[in-house]
Amino acid sequence: MWANDSGYDFYHFEAVENRTYVIETYNIQRSGNRATGIWLYNSSGTLITDDRYGAGGIGNANARIVYTFSTTGTDYILVKDCYYPCIWTGTYSLRILPHYDEPGAEWSPTNDYKLNDVLPLANAITVGAENAVSRQLFNHSIYITNDSDRDYYWFDAHEGQRYVIETFGIQATGRATELWLYNETGTELANDAYGNHNTGEARIDLTFVTSGDYFILVKDCYFPCTWTGAYSVRVCADSCL
């Protein structure tokens, strides 16, 4: 049952109880938004979940599954052309990535830093203007995907503390980046969807009512802005001045 067949590729890996994994196909170079589908099975061949339409990916990713395993053991991934009416053939890449707060999730300059385009893959960012990070939103038009590149970050906030979150240092005129802020459940708390400066920068200023992990989304600003390029982002207590 688990042997590869024509047009069907099966893979197996060892999942660990209570760990969350992000499984995705990526780097499929062609226009459009449908190519591969992903199906996830347990060791007995029972379907656990799927992205059969290839609708879960963004940036350079096509199909994507995010799943938390309740038991440790061998599980299986099926990659094939996406569900009807998609009939696709070609080259794809496949990866399994750890949740943002689990071993192996740390960002480093030698890694593909585009692995943070969904909340469970957020990169850690440390509070303080001196801890700003510089990244790039890339042009995704050569890939089969469902939306533009985006970067998620997470930080530990404290109750009653005011934080200023902002993008800066953008070489652009007019609108470029936007910012969104979420809590651990993915609930939106604030946004600057249009970028509040004419230099392509965005800013959120908020006093937090509860302590915990919070998430920042940086992407191109709201319609009709389709900007790509380098930016810097920082989180500051009270002020970034």
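Remarks
- Diffusion coefficient (Stokes-Einstein, Kirkwood radius over C-alpha pairs, 37 °C, 0.692 mPa s) for region 8-98: 249 µm²/s, rounded to a whole number.
- Rounded to whole numbers, the Karplus 3J(HN,Hα) couplings from phi for region 10-15 are 9, 10, 10, 8, 9, 8 Hz, using 6.51 cos²θ - 1.76 cosθ + 1.60 with θ = phi - 60°, and x at Gly and Pro.
- Under the Karplus curve 6.51 cos²θ - 1.76 cosθ + 1.60, θ = phi - 60°, whole-Hz ³J(HN,Hα) for region 210-215, x wherever Gly or Pro sits: 9, 7, x, 7, 10, 10
- Of all DSSP bridge pairs formed entirely within the chain, close to 95 percent run antiparallel.
- The chain - Rg (one decimal) and Dmax (whole number), Cα, Å: 19.2, 61
- For region 119-237, radius of gyration divided by Kirkwood radius, i.e. Rg to Rh on alpha-carbons: 0.96
- ³J(HN,Hα), Karplus 6.51/-1.76/1.60, whole Hz, each residue of region 160-172, x for Gly, Pro: x, 8, 8, 10, 10, 10, 8, 8, 7, x, 8, 8, 7
- Once backbone amide H atoms are built at 1.01 Å from N, residue 196 has 202, 203 as its partners under 5 Å, excluding neighbours fewer than 5 places away on the same chain.
The numbers here are math on the coordinates, done by the rules we state, and not lab data. What you see is a predicted model; the values in this text were computed from it and never measured.
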